[in-house]
Amino acid sequence: MSSTKNNWPGVTLIDHPLVQVKLTQMRDAAAGTQVFRSRLTQAATLMVAEVTRDLSTRPCVVRTPMADHTGAALARPLIIAPIMRAGLGLMEGMLHLLPDAGVAHIGMFRNEETLRPETYYFKAPANLAEADVLVVDPMLATGWSATAAIGQLKERGAKSLRFVCLLSCAQGLEQLRAAHPDVPVFTAAIDPELNAKGYIVPGLGDAGDRYFGTVG
Ligand code: URA
């Protein structure tokens, strides 16, 4: 897995060629639900390796068919926190590599007049304080949903958080980094614009609608 540092402190740009290819296929307006969904899942699975690269491990003894072996287990529990709806797509791909992760569902919708997030659901495992928490949403647009979701997780005790998205833009990164400078951000692309309706341009449209087939 490759990644590059960039001009944004605390932001890792995941530039692995396979992630970039999947993302390009998702951007294509001609891609239907099946293609969009599978590419989002696949990109999320690929991104996990980079996002979890510096997690701590502890020694763990297993008995092979030949002898005891001291290997590694994750030192802390992992929790994936998808911001619904679209975050569920990233979550699904990540669970392929992290099948024992807990899940904290955060239900938010965007008030289309104010563009501000409103929370309608929050349910998290009890071990938030001990866990490494991956907050996931394919799109970091205004940054307000991510900021609010991370704020809620911190209020309930989360201490070690990372934010993972596929696409971001300057406004979202500025907002999130200013509100939560302790939370590293992982993104596969930083697009040039956010339009007046809060959509990333060129972006990929409405990720939730495209993933769940609710367009039109
Ligand atoms: N949410 C989306 O689904 N797409 C955008 O471009 C911005 C926010």
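Here are the numbers for the structure shown:
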read-out	value
Förster-model FRET efficiency, 41 Å R0, Val61 and Tyr120, C-beta, rounded to 0.05	0.35
5 angstrom amide H check on His105, placed H, neighbours 5+ away	Lys123
Shape category assigned to the stretch 92-216 from the gyration tensor of Cα positions, a/c cut at 1.5	prolate
FRET efficiency estimate (nearest 0.05) - Cβ-Cβ, Ala196 to Leu97, R0 35 angstrom	0.40
Expected 222 nm ellipticity per residue - DSSP helices of 4 or more, -39500 (n - 2.57), all of the chain, to 500	-10000 deg cm²/dmol
Compactness of the chain - radius of gyration and Dmax, Cα, Å	17.4, 65
Residues whose placed amide H lies under 5 Å from that of His16, excluding near-sequence neighbours	Ser2
Shape category assigned to the stretch 43-133 from the gyration tensor of Cα positions, a/c cut at 1.5	prolate
C-alpha long axis of helix 87-97 to longest principal axis of the chain, angle in °	20
Cα extents of the stretch 81-132 along the three principal axes, largest first (Å)	39, 24, 14
Protection proxy ranking of 67-74, 111-118, 90-97, 148-155 - average other beta-carbon atoms within 10 Å, highest first	90-97, 148-155, 111-118, 67-74
Cα-centred dipole magnitude for the chain, charges only on beta-carbon of K, R (+1) and D, E (-1), debye, nearest 20	280
Whole-Å distance, taken between Cα centres, linking the stretch 134-163 and the stretch 59-129	12
Taking N as its residue count, the alpha carbon Rg of the stretch 148-201 over 2.2 N^0.38 Å	1.21
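Every number here is computed from the coordinates shown, using simple stated rules; none is lab data. Note that the coordinates shown come from a computational prediction; the quantities given were computed from them, not determined experimentally. All Cβ positions, glycine included, derive from the backbone under ideal geometry; neighbour counts span all protein chains shown.
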